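Scroll down for the structure; my scribbles are underneath it.
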Amino acid sequence: MARDGDVIRFIELYDQVDFKEAVKRLSFNQIVKSAVKNKNQPSLTLLTPEHIKLLTRVIEFYSSAFAKNNRAMQYLAKRGITDKSIFSDFNIGFANGTLLNVLPEDKKIIRQLKKIGILNDKAHEHFLNK
């Protein structure tokens, strides 16, 4: 039987940690540190400076979308996360499906967003409704 979930729930189950620790492990800084530490792993795609700049813009967009979405904040409140400093410290974001509306129509950007995992093969937001 399939269950809905998200990346946070996956980390909770896979690493057997609580919600706050899962969020910490998913922070951008932790991911970058892990990529640098484990750079010899073939499955890792090292990000170029151009990718990091684009990813930073996407993070800022999703953080802004989160700040404007009561449903997203209510979800975290139900999970016991109400300290607003956590939202900014960890760049908590929300994929609301509007990222493509604010991007210039540039095939290179779309390719880069696919490569870094923001968009799927069909150029839809990977984390939308996850």
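Some notes on this structure:
- Selection count where residues are among the hydrophobic types (A, V, I, L, M, F, W, C) and farther than 22 Å from Arg25 by Cα, scope region 71-112: 6
Matching residues to (1) at pLDDT 85 or above; (2) assigned to a helix (DSSP H, G or I); (3) not β-branched (Val, Ile, Thr):
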residue: Ile11; (1), (2), (3): no, yes, no
residue: Lys24; (1), (2), (3): no, yes, yes
residue: Lys39; (1), (2), (3): no, no, yes
residue: Gln74; (1), (2), (3): yes, yes, yes
residue: Ser88; (1), (2), (3): no, yes, yes
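- The residue that is nearest to Ile116 (Cα to Cα), among those in region 42-97 that are basic (Lys, Arg) and more than 14 Å from the chain's Cα centre (by Cα), is Lys53.
- Remark: Arg79 falls outside the filter, which requires a residue to be within 17 Å of Leu99 (Cβ to Cβ) and surrounded by 11 or more Cβ atoms within 10 Å (Cβ to Cβ).
- Complete set of residues in region 93-111 that are crowded, with 19+ Cβ neighbours inside 10 Å and in contact (Cβ under 8 Å) with a residue 40 or more places away in the chain: Leu99
- Taken residue by residue, region 101-124 has no member that is part of a loop (DSSP other than H, G, I, E, B), under 23 Å from Lys20 (Cα atoms) and small (Gly, Ala, Ser).
- There is no residue in region 55-66 that is modelled with pLDDT under 85, exposed (fewer than 13 other Cβ atoms within 10 Å of the Cβ) and not in a loop (DSSP other than H, G, I, E, B).
The values are calculated or read from the model by the stated rules, or taken from the named source; none is laboratory data. Quantities reported herein were computed from a predicted structural model and do not represent experimental measurements. Ideal geometry is used to build each Cβ from the backbone, glycine not excepted, and the neighbour counts take in all protein chains shown.
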